[in-house]
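*Asks:* What follows is a single structure, and I will ask about it in a moment.
The values are calculated or read from the model by the stated rules, or taken from the named source; none is laboratory data. Just so it is clear, the model here is predicted, and its values are computed rather than measured. Note: ideal-geometry Cβ built from the backbone for every residue, glycine included; neighbour counts use all protein chains shown. Side chains included, ligands, DNA and RNA excluded: accessible areas come from the protein's heavy atoms. Shrake-Rupley method; radii C 1.70, N 1.55, O 1.52, S 1.80 Å.
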Amino acid sequence: MGSIGELLGLGAEGGRVRLHTVVVMRWVAVFGQLFTVLFIHFTLQIPLPLAALLPAIVLTAAINLALSSTYRAPTRLSERSAALLFAYDVIQLCWLLMLTGGLQNPFALLLLLPVTLAAATLGRVPTTMVTVLALAGTAALALLPGPLPWRGGPLSLPPLLLLASWTALSMALILVSIFTWSMAEETRRHAEALSAIQHALAREQKMSALGAQ
């Protein structure tokens, strides 16, 4: 498991995100995906390609289990490591969507989540990379639309409606990424300025105390 840590750069100084936080959020995604797939297939009786869907979900669970069992909860993620995990989440979700209707699937909106998390916690370059990856995945899903599994046979939306869905989701990815990153960056700058002021005041008080002695 050390190789995974080296690849992700775990424990890097200056990391903004705790590994525990990301792992917990990804466990929620794993159980949500698993419940949704099994519920649709067995309860709603809408046939899904479980042989292709379940391994992708199990892989995410295995990665989470390996990370959480090998590293301590306070371990910090470097920007590179967090970006790699968010990029994996985008790719995994695109794979699931490709097998279940692509942009015709209402769950395509979940592509906004890893982009939002990246924009809220990472710098400009890694956020841009994750966003571009999500846009590329969205374009691939639009260009290679698979049928949407449904009772009585798969459904296919009209091309114009599919184009509208791609346009709306792409715009949402870009706008959410820009807005979230801008707000997070402004918050970080305020926090850094406040910290600098507090340090300056502490030094001044220390010097005053020494001068009084």
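*Asks:* Which of the residues that make up region 62-85 are more than 16 Å from the chain's Cα centre (by Cα) and in a helix (DSSP H, G or I)?
*Replies:* If the condition is that a residue be more than 16 Å from the chain's Cα centre (by Cα) and in a helix (DSSP H, G or I), then 62, 65, 66, 67, 68, 69, 70 are the ones that fit.
*Asks:* Would you check if residue 59 is part of a helix (DSSP H, G or I), free of Cβ contacts under 8 Å to residues at least 60 places away in the same chain, surrounded by fewer than 18 Cβ atoms within 10 Å (Cβ to Cβ) and not small (Gly, Ala, Ser)? Explain how you work it out, then say what you get.
*Replies:* Numbers: part of a helix (DSSP H, G or I): yes; free of Cβ contacts under 8 Å to residues at least 60 places away in the same chain: yes; surrounded by fewer than 18 Cβ atoms within 10 Å (Cβ to Cβ): yes; not small (Gly, Ala, Ser): yes.
Considered against the rule, which asks whether it is part of a helix (DSSP H, G or I), free of Cβ contacts under 8 Å to residues at least 60 places away in the same chain, surrounded by fewer than 18 Cβ atoms within 10 Å (Cβ to Cβ) and not small (Gly, Ala, Ser), residue 59 comes out as yes.
*Asks:* Tell me, yes or no, whether region 45-57 has at least one residue that is within 29 Å of residue 148 (Cβ to Cβ), under 15 Å from the mean Cα position of the chain (by Cα) and modelled with pLDDT under 95.
*Replies:* Scanning region 45-57, I find no residue that is within 29 Å of residue 148 (Cβ to Cβ), under 15 Å from the mean Cα position of the chain (by Cα) and modelled with pLDDT under 95, so the answer is no.
*Asks:* Go through (1) free of Cβ contacts under 8 Å to residues at least 60 places away in the same chain; (2) open to solvent by 10 Å² or more (accessible area, probe 1.4 Å); (3) within 15 Å of residue 170 (Cβ to Cβ) one by one and return the number of the condition residue 99 breaks.
*Replies:* Only one criterion in (1) free of Cβ contacts under 8 Å to residues at least 60 places away in the same chain; (2) open to solvent by 10 Å² or more (accessible area, probe 1.4 Å); (3) within 15 Å of residue 170 (Cβ to Cβ) is unmet by residue 99, namely (3).
*Asks:* Between 165, 177, which is modelled with pLDDT of 90 or more, closer than 29 Å to residue 42 by Cα, within 21 Å of the chain's Cα centre (by Cα) and assigned to a helix (DSSP H, G or I)?
*Replies:* 165
For (1) farther than 19 Å from residue 29 by Cα; (2) in contact with a Phe, Trp or Tyr (Cβ under 9 Å, 6 or more places away or on another chain), each residue gets a yes or a no:
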residue	(1), (2)
95	no, no
125	yes, no
132	yes, no
142	yes, yes
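*Asks:* Would it be correct to say that residue 111 is within 28 Å of residue 43 (Cβ to Cβ), open to solvent by less than 20 Å² (accessible area, probe 1.4 Å) and within 23 Å of the chain's Cα centre (by Cα)?
*Replies:* yes
*Asks:* Ok, one more. Using beta carbons and a limit of 9 Å, which pairs, at least six apart or on different chains, have the first residue in region 18-42 and under 10 Å from residue 64 (Cβ atoms) and free of Cβ contacts under 8 Å to residues at least 40 places away in the same chain and the second one open to solvent by 40 Å² or more (accessible area, probe 1.4 Å) and in a helix (DSSP H, G or I)?
*Replies:* Between residues of region 18-42 that are under 10 Å from residue 64 (Cβ atoms) and free of Cβ contacts under 8 Å to residues at least 40 places away in the same chain and residues that are open to solvent by 40 Å² or more (accessible area, probe 1.4 Å) and in a helix (DSSP H, G or I), the close pairs are 24/68; 27/68; 30/58.
*Asks:* Moving to a separate point now. From 127, 75, grab the single residue that is buried (at least 18 other Cβ atoms within 10 Å of the Cβ), of a type in the set (S, T, N, Q) and more than 20 Å from residue 180 (Cα to Cα).
*Replies:* Matching residue, one of 127, 75: 75.
*Asks:* Looking for whichever is surrounded by 14 or more Cβ atoms within 10 Å (Cβ to Cβ), out of contact with any Pro (no Cβ under 7 Å at 6 or more places or on another chain), free of Cβ contacts under 8 Å to residues at least 60 places away in the same chain and not in a helix (DSSP H, G or I) here; the options are 146, 152, 137. Which one fits?
*Replies:* It is 146.
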